[in-house]
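Data first, discussion second: the structure below is written as structure tokens.
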Amino acid sequence: MKRPLPPGLRDQLEAGVDLRPRNWRGRYLGFLLRQADDPWERAACVASLLDPIQVSEIVTDPYERAHLNRFRQPPPAHGAPGSPAAHLAERIATAQDADEIDWLRADLARTVQEARIHRPAPRPAPRHTGRRPTREPHPRPARHQGRPASREHEQPAPAGRAHTLLSRLFGRGD
């Protein structure tokens, strides 16, 4: 380079602006998007460059966020987990500049909306407890308000094999 830098680049250089991480994130996002087939996968590609707090502000539904996280790419691993190199790689893989964060947030909102239109995020199936409805087929007999009923007035248990099994289960012996 024999010529002087243009004024804009010279100002950035003097201010210590380093665009290499931002440029890398742009290339990495393009790489992830080329591999994505599903709209939810494309939304997860964008989300992988944002801080999880930023993602939770955009995608407020916990089921959608969980579905998005299934496809979210972890940052590229460099160094041992928890090492300075790993922290640096994580910082480089996450958007830092306000204008880049705003751009990725808008892109995430758009891609999540497209994914919702394509197919809603899965929801858990309703839980079946195996219980019958609360409606009782026969009314229960009224209890006395005073003393509890004693076992003397109960009807005798049916005879036979069922009686033996029930008496063992409930601790009643004859």
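The values are calculated or read from the model by the stated rules, or taken from the named source; none is laboratory data. Note that this is a predicted model, so its numbers are computed, not measured. Positions of Cβ are backbone-derived with ideal geometry, glycine not excepted, and every protein chain shown enters the neighbour counts. All accessible areas refer to the heavy atoms of the entire protein, side chains included, with ligands and DNA or RNA removed. Shrake-Rupley method; radii C 1.70, N 1.55, O 1.52, S 1.80 Å.
Tell me the label-point distance for the pair Arg27, Ile101, using the 7 Å Cα-to-Cβ offset, in nm and rounded to one decimal.
Going by the 7 Å Cα→Cβ label model, 2.5 nm.
Once phi is turned into ³J(HN,Hα) by the Karplus curve 6.51 cos²θ - 1.76 cosθ + 1.60 with θ = phi - 60°, what whole-Hz value does each residue of the range 103-112 show in order, with x for glycine and proline?
Residue by residue, the range 103-112 yields 5, 5, 4, 5, 5, 5, 4, 5, 5, 5 Hz.
What is the gain in length, in nm to one decimal, between Leu5 and Arg20 on full extension, counting 0.36 nm per residue of separation less the C-alpha to C-alpha distance? Intermediate results must be reported in sequence, preceding the final value.
Details: separation 15, 0.36 × 15 = 5.40 nm, distance 1.75 nm.
This chain segment gains 3.6 nm when fully extended.
Just the number please: accessible area per residue for the range 1-80, 1.4 Å probe, all protein chains included, in Å². List each step's numbers first, then the result.
Numbers: 5350 Å² over 80 residues.
Heavy-atom SASA per residue in the range 1-80 reads 67 Å².
Tell me, what is the FRET efficiency for Ala125 and Ser56 to the nearest 0.05, using R0 = 25 angstrom and their Cβ-Cβ distance as r? Could you put the intermediate results ahead of the total?
On the way: r = 25 Å, r/R0 = 0.98.
Efficiency for this residue pair is about 0.50.
Keeping the other protein chains in place, figure out the carbon and sulfur percent of the accessible area of the range 1-46, with a 1.4 Å probe. If you can, show how the numbers build up before the last one.
Details: 1870 of 3430 Å².
The computed percentage sits at 54.
Given axes a ≥ b ≥ c from the Cα gyration tensor, I'd like to know whether the range 80-125 is rounded (a/c under 1.5), prolate (a/b larger than b/c) or oblate.
Here the range 80-125 falls in the oblate category.
Output ³J(HN,Hα) for the range 78-93: one whole-Hz value per residue in order, computed from phi by the Karplus curve 6.51 cos²θ - 1.76 cosθ + 1.60 with θ = phi - 60°, and x for Gly and Pro.
Karplus values, whole Hz, x for Gly and Pro: 9, x, 6, x, x, 7, x, 5, 5, 5, 5, 5, 5, 5, 5, 7.
Looking at the square roots a ≥ b ≥ c of the eigenvalues of the Cα gyration tensor of the range 1-62, which shape do they give, rounded for a/c under 1.5, prolate if a/b is larger than b/c, or oblate?
Values: a/c = 5.07, a/b = 2.15, b/c = 2.35.
Oblate, since a/c reaches 1.5 and b/c is not below a/b.
Distance from a point 7 Å along Cα→Cβ of Arg91 to each backbone N in the range 21-58: keep the residues under 13 Å and list them by number.
21
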